[in-house]
Amino acid sequence: MGGDPVNAVDPFGLKPDDKYKSQDNAGYEAVCEINPTSISENLEYAGSIYQNDDGSFSYTNTIRCA
């Protein structure tokens, strides 16, 4: 997340491209990761959930919306 080791911390070791059992799990983790930054910056972020070849789900890196 932009090379910010102070504010971009992932205490659970989860990150984009990790595999989750469902799209809901992937979406939940994506929102949990970016929501504090979104709130503190008062900005919207966007990303995508996708299905892997093995049937698991992952999410992309988020991007800041203008």
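Since every read-out is calculated from the coordinates, none of them should be taken as a lab result. What you see is a predicted model, and the numbers here were worked out from it, not measured in a lab. Cβ sites come from the backbone with ideal geometry, for glycine too, and all protein chains shown count toward neighbours.
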Pairs with Cβ under 9 Å, 6+ apart, first in segment 17-37 and touching a residue at least 40 places away in the same chain (Cβ under 8 Å), second charged (D, E, K, R) and in a helix (DSSP H, G or I): Asp18/Glu29
Residue that is surrounded by the fewest Cβ atoms within 10 Å (Cβ to Cβ), among those in segment 25-47 that are of a type outside the set (Phe, Trp, Tyr) and not in a helix (DSSP H, G or I): Asn42
